[in-house]
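Written below as structure tokens is the structure these notes are about.
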Amino acid sequence: MSDDLEALRTETAAALAAAPDLRAWDAVRVGVLGKSGRLTALLKDLGRAPAEERRARGAALNVLKDALAAAIEARRAELEAAALAARLAAERLDVSLPPRPEAAVAGHPGLVHPISRTMDEMAAIFGAMGFAVAEGPDVESDWFNFGALNIPAHHPARADHDTFYVPPIAGGPPRVLRTHTSPVQARVMLGQPPPIRIIAPGRTYRADHDATHSPMFHQCEGLVIDRDITLGHLKGCLIDFLRAFFGVPNLPVRFRASYFPFTEPSMEVDIGWDRRSGEIGGGADWLEILGSGMVHPRVLANCGIDPREWQGFAFGMGVERVTMLKHGIPDLRPFYDSDIRWLRQYGFVGGAPASLHEGFGG
Ligand code: PHE
């Protein structure tokens, strides 16, 4: 190799070794391989070499170019690894350190998120009526989310749900992110013999995003199965719950005929409010709060319960919606922003579990 090429090789190697960081490394790279880099210039000059030398010099230049590119690349990998190691060392967090008391916000240890608060209140109010709390998975099988609930494939009701589909586990059933808490109904019925009296608060998912819809939100399901359950029980139970939850003893409640594939008859439930002031229980306007109905005999049969012997009612409501109404929270989006200012505004002082007395408004 001619002297100038050898010099370029050793000088580049030295410059790379001396480059302390990626910035310096990049300067070396551009100085050699860039548009006006040293190697680029040598390649351009090739045309001016005497014809008999051109071939050999061209081959040597190509070999050198590959070697330089490889050396430059190797140094980049080295520097990146070093940068990562330095960052990991600098950002190391010792999670075993005791908390610093001065870091607590304004002297209190934290607040309960309004969603958690509402679900606690629901558990307290329904708990006093003899309901237990049940749970199911967020990643649900298509059958529990739809099929068991009398929503077969291609049923038009599926189109309302904006479902997130999840790839099945090899050989497993089709899966979704549950679009409602109703699959917990089926899980409970398959898991225990009646009588049943449960609520199921939890996360639900729909591919929907605007000021009033979030792709992740919360619902609270309810299910009662016994021998002689009637529509009267459904109405009494929900009227009591709504009056307790909103703390308005004479809250007007309206049951409106509706349709759900898993209940028959089905009813939407409205409460009275004043649209303009937002006052719950005042005014002449109605606001839809939840869906409900008598459990469809086919759902009972799907879940191994004999519909000639047992019957019951079910309901489901949006947790965000009733939380916003109860506390006058105007926007849904900040619920999930973890903005400490919003949490301080709307959070609840912890340690005092929601009691039935609070639910009934004292
Ligand atoms: N699952 C229904 C929904 O998400 C609500 C509902 C639950 C209706 C139970 C009736 C009975 O809209």
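A few remarks follow.
- Test: residue 313 is within 16 Å of the ligand (Cβ to nearest atom), open to solvent by less than 10 Å² (accessible area, probe 1.4 Å) and modelled with pLDDT of 95 or more: yes
- Test for residue 180: is it open to solvent by 70 Å² or more (accessible area, probe 1.4 Å) and part of a loop (DSSP other than H, G, I, E, B): no
- Test for residue 134: is it closer than 28 Å to residue 233 by Cα, within 16 Å of the ligand (Cβ to nearest atom), of a type in the set (A, V, I, L, M, F, W, C) and at pLDDT below 95: no
- In this structure, residue 238 does not qualify as open to solvent by 40 Å² or more (accessible area, probe 1.4 Å), of a type in the set (A, V, I, L, M) and closer than 22 Å to residue 197 by Cα.
- Residue in the range 183-212 that is nearest to the ligand (Cβ to nearest atom), counting only those that are open to solvent by 30 Å² or more (accessible area, probe 1.4 Å) and aliphatic (A, V, I, L, M): 207
- Consider the range 286-297 and keep the residues that are more than 14 Å from the ligand (Cβ to nearest atom) and open to solvent by 40 Å² or more (accessible area, probe 1.4 Å). The one that is nearest to residue 224 (Cα to Cα) is 297.
- Consider the range 125-161 and keep the residues that are among the small types (Gly, Ala, Ser) and buried (at least 19 other Cβ atoms within 10 Å of the Cβ). The one that is farthest from residue 187 (Cα to Cα) is 141.
- Annotation: residue 258 fulfils all but one of (1) of a type in the set (Gly, Ala, Ser); (2) surrounded by fewer than 17 Cβ atoms within 10 Å (Cβ to Cβ); (3) more than 16 Å from the ligand (Cβ to nearest atom); the unmet one is (3).
- Strands (runs of 3 or more DSSP E) fully within the range 250-315 that include at least 3 residues being of a type in the set (Asp, Glu): 263-273.
- Against the criterion of being open to solvent by less than 40 Å² (accessible area, probe 1.4 Å), under 21 Å from residue 239 (Cβ atoms), hydrophobic (A, V, I, L, M, F, W, C) and within 16 Å of the ligand (Cβ to nearest atom), residue 300 does not qualify.
- The range 221-255: number of residues that are within 11 Å of the ligand (Cβ to nearest atom) and of a type in the set (Phe, Trp, Tyr): 0
The values are calculated or read from the model by the stated rules, or taken from the named source; none is laboratory data. If you're wondering where the values come from, they're calculated on a predicted model, not measured in any experiment. We place every Cβ from the backbone using ideal geometry, glycine too, and count neighbours over all the protein chains shown. Only protein heavy atoms, including side chains, enter the accessible area calculation; ligands, DNA and RNA are left aside. Shrake-Rupley method; radii C 1.70, N 1.55, O 1.52, S 1.80 Å.
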